[in-house]
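Here the structure comes first, spelled out in structure tokens, and everything after it is commentary.
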Amino acid sequence: MTRDIIEVQYPSLDHTESVANIVIEKKAVTQANGITIKEAFSNKNNSLFIIIETTSSDSLLTVKAGDAYPNSMLGDIVIELTKGTSAIQLQDLSRFEKADGSIDLDFAEGFTGNIFAVAKWAGVRPVE
């Protein structure tokens, strides 16, 4: 299976570093492909949110177990998605993180909708 890839979107701070703003880019989900969120855990601060807009009827999302940490032995987890917008925050990052820092998601047959991921930047910003 060739997965569709999305990237985590980070807000940009204004010049005072008091306000952060982000323009969201959504990706239409192709159910048969699934989704890989590239470098989903590079922020390492537990601020990752996966936003899913379900336009079909209620559905299921499978968050795939990773291969980077022993905690992945807990396996996949299935989450119910109701029609509308869901914001998902993973609390056990090591369970789902792949060796390349990404995460894989699978959608139940018949799912239609959009996805995007956002996180707070947690690092030293480059000097401009």
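The values are calculated or read from the model by the stated rules, or taken from the named source; none is laboratory data. Quick caveat, the model's predicted, so the values are computed rather than measured. Note that each Cβ is placed from the backbone with ideal geometry, even for glycine, and that neighbours are counted across all protein chains shown.
Quick grid of which residues meet (1) hydroxyl-bearing (S, T, Y); (2) within 13 Å of the chain's Cα centre (by Cα); (3) assigned to a loop (DSSP other than H, G, I, E, B):
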residue	(1), (2), (3)
I5	no, yes, no
V8	no, yes, no
E17	no, no, yes
I37	no, yes, no
N43	no, yes, yes
E53	no, yes, no
G66	no, no, yes
Can you find even one residue in the stretch 106-121 that is within 16 Å of Y10 (Cβ to Cβ) and touching a Ser or Thr at 6+ places or on another chain (Cβ under 7 Å)? yes
Single residue of the stretch 79-106 satisfying the filter (closer than 23 Å to K26 by Cβ and of a type in the set (A, V, I, L, M, F, W, C)) that is surrounded by the fewest Cβ atoms within 10 Å (Cβ to Cβ): A87
Got a sec? Which of I37, I77, I51 is in contact with a helix residue (DSSP H, G or I) (Cβ under 9 Å, 6 or more places away or on another chain) and modelled with pLDDT of 95 or more? I77
Consider F116 carefully, then state whether it is modelled with pLDDT of 95 or more, in a loop (DSSP other than H, G, I, E, B) and surrounded by 12 or more Cβ atoms within 10 Å (Cβ to Cβ). no
Candidates S59, S18 - the one that is surrounded by 12 or more Cβ atoms within 10 Å (Cβ to Cβ) and not aliphatic (A, V, I, L, M): S59
Within the stretch 68-78, is even one residue surrounded by 13 or more Cβ atoms within 10 Å (Cβ to Cβ), closer than 21 Å to I24 by Cα and out of contact with any strand residue (DSSP E or B) (no Cβ under 6 Å at 6 or more places or on another chain)? no
All but one of (1) touching a Gly at 6+ places or on another chain (Cβ under 9 Å); (2) within 20 Å of R3 (Cα to Cα); (3) assigned to a loop (DSSP other than H, G, I, E, B) hold for S57; state the number of the condition that does not hold. (2)
